[in-house]
Amino acid sequence: LQTSLKPSSPAGHLSVLVDSRCIASGPEVISALRLRQGVVAHVCSLDGCDFIVSNRMAVEWQTQSDIGSTHNRKRLQDRMQSLQSLFERVCLILEADRTRPGETSRPFQRTRYYDNTVSCLVRAGVRLLVSRGPEDTAALLAELARVEQRKGQAIGVPLEVKGQRAQALQFYLTLPCVSFITALNMCHNFRSVAQVINSSLDSLQAGACVSRSRAEEIYRCLRYSCDSSLMSTSAPKRTVP
Amino acid sequence: MANKAVLLNTVPPYGYVVANGKWKGSALAQSLQGNVKVMFEEHLGVVDFLLSDKSCVLHVSESDMVAGSAYKRKIVRFRNANSGLHGLVVVEKTRLSEQDFPSLQKFVVFELGLTLLPVGSAAEAAQLLVQLALGVSKENPFRRSGVSGLLDPVVLALVQQIPGVGKVKAAGLLRRFSSVHQLCGAPVRELEPIVGHAAAQHVWGFFHNPFD
């Protein structure tokens, strides 16, 4: 068995995946990425993640007042936990709140809650970056992608999938700790779904471009023997008196 | 290096912050003292504060930033001095120092790999340090919980991703072939009795047809 590892895209052509929700919330970021930073920014549904800048790094994008708002607490916690289960590295870009034309910019009121959130994020290993606005956010994203490229983690597969590969993508995404980019790598670096399922731990790790522990988790799930009693088709059990 | 030895051995207990002696009597230290116990230590070198979660803090004030680029050398010395501890750089980002912030962020985060936390003033720095010092004991809501549930529902959901296979067929297949790996190895004739002729072809094709 051998995996058909494709060479990564030529240097200078960095790829970044953008969640489709960002079309509404940050069209300026997407256009600045494309026009000013020269990055290939592919928009698709990433489901729970704003940006993916490398094979292992996700970037969450929030405004300062979102982080400081207690209403946002549960959502932020869920997202950060899910991102940390899917990615080796998680970054959070804190963008300054925007002021509408005619509005005077009010200085951000730092609360104890905000400081507590920030300190918990730091302790959880989330990397924090501060941005003044959409242009700045795009520059930070491009810089993150460049740093990751230098470390050999750049996204190196085509960003679109069609037909059979699209079906396989959905299958891979259902596996534990498989992010969108990991699923994309699996789609392009293996010839068939069976090749993934039958591959050794080493070739799974290489083809999916993941850490050893993640490869082990995927490998274990593919070989996991289900308890057939749990597979009863939800017919209500009758208790015999 | 005597300084280093002192530095690494003084991880303060919970509720305490070890502060560099030069902060004695400062407004920052006073705001800290209202919330945590502060112990002053003369031999911290370039480090300003030590926290009980094994992190150490360098404080870059507004005047440090405005005065020139000497503070960058200080940050490098700070990075080199604290191997084994988590290095946090707290920087006063004010109207005066704001223009230098992007280049500082690039330097500290991207080049040195340290954590950079902007604050508006020394008082805000104290407030943040208190949270950093006191948050250690509490459960961290952002940390990935290590509990992974049973894999059975995951495997069932996986098999349902095969085109033409719903919940009933997926359960039927898994009763006969207990894992995805075994199911993938099954020939069409063994799939047919469970899901019928057409679906059996689909399942086999999904696994084995090479991508175009």
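The values are calculated or read from the model by the stated rules, or taken from the named source; none is laboratory data. Computed from a prediction, not measured in an experiment: that's the story for all the values here. Cβ: placed from backbone, ideal geometry, glycine included. Neighbour counts: every protein chain shown.
Within the stretch B:161-184, is there a residue that is touching a Gly at 6+ places or on another chain (Cβ under 7 Å), over 30 Å from B:R79 (Cβ atoms) and not assigned by TED's automatic domain parsing to the domain that holds B:G25? No. A count restricted to the stretch B:31-58 and to residues that are assigned to a strand (DSSP E or B), buried (at least 22 other Cβ atoms within 10 Å of the Cβ) and either out of contact with any strand residue (DSSP E or B) (no Cβ under 7 Å at 6 or more places or on another chain) or in contact (Cβ under 8 Å) with a residue 40 or more places away in the chain (or both) stands at 4. Among the residues of the stretch B:128-143, those that are more than 7 Å from chain A (Cβ to nearest Cβ), modelled with pLDDT of 80 or more and either farther than 14 Å from B:V38 by Cα or in contact with a strand residue (DSSP E or B) (Cβ under 7 Å, 6 or more places away or on another chain) (or both) comprise B:L129, B:A133, B:E139. Filter the stretch B:93-111 down to residues that are out of contact with any strand residue (DSSP E or B) (no Cβ under 8 Å at 6 or more places or on another chain) and not in a helix (DSSP H, G or I) and give me whichever is surrounded by the fewest Cβ atoms within 10 Å (Cβ to Cβ). Within the stretch B:93-111, the match that is surrounded by the fewest Cβ atoms within 10 Å (Cβ to Cβ) is B:R95.
In the stretch B:184-205, which residue that is small (G, A, S) and more than 46 Å from the chain's Cα centre (by Cα) is surrounded by the most Cβ atoms within 10 Å (Cβ to Cβ)? In this case the residue turns out to be B:G196.
How many of the residues making up the stretch A:64-95 are out of contact with any helix residue (DSSP H, G or I) (no Cβ under 6 Å at 6 or more places or on another chain) and either touching a residue at least 60 places away in the same chain (Cβ under 8 Å) or within 30 Å of A:Q153 (Cα to Cα) (or both)? Within the stretch A:64-95, residues that are out of contact with any helix residue (DSSP H, G or I) (no Cβ under 6 Å at 6 or more places or on another chain) and either touching a residue at least 60 places away in the same chain (Cβ under 8 Å) or within 30 Å of A:Q153 (Cα to Cα) (or both) number 18. For the stretch A:104-194, the helices (runs of 4 or more DSSP H) that sit wholly inside it and include 3 or more residues that are within 10 Å of chain B (Cβ to nearest Cβ) and over 30 Å from B:V155 (Cα atoms) are A:112-123, A:134-150. Within the stretch B:167-201, the set of residues being more than 25 Å from A:E217 (Cα to Cα), of a type outside the set (V, I, T), more than 10 Å from chain A (Cβ to nearest Cβ) and out of contact with any Lys or Arg (no Cβ under 7 Å at 6 or more places or on another chain) comprises B:P187, B:R189, B:E190, B:L191, B:E192, B:P193, B:G196, B:H197, B:A198, B:A200, B:Q201.
With respect to the conditions (1) surrounded by 18 or more Cβ atoms within 10 Å (Cβ to Cβ); (2) modelled with pLDDT of 90 or more; (3) of a type in the set (S, T, N, Q), B:S121 lacks only one, and its number is (1).
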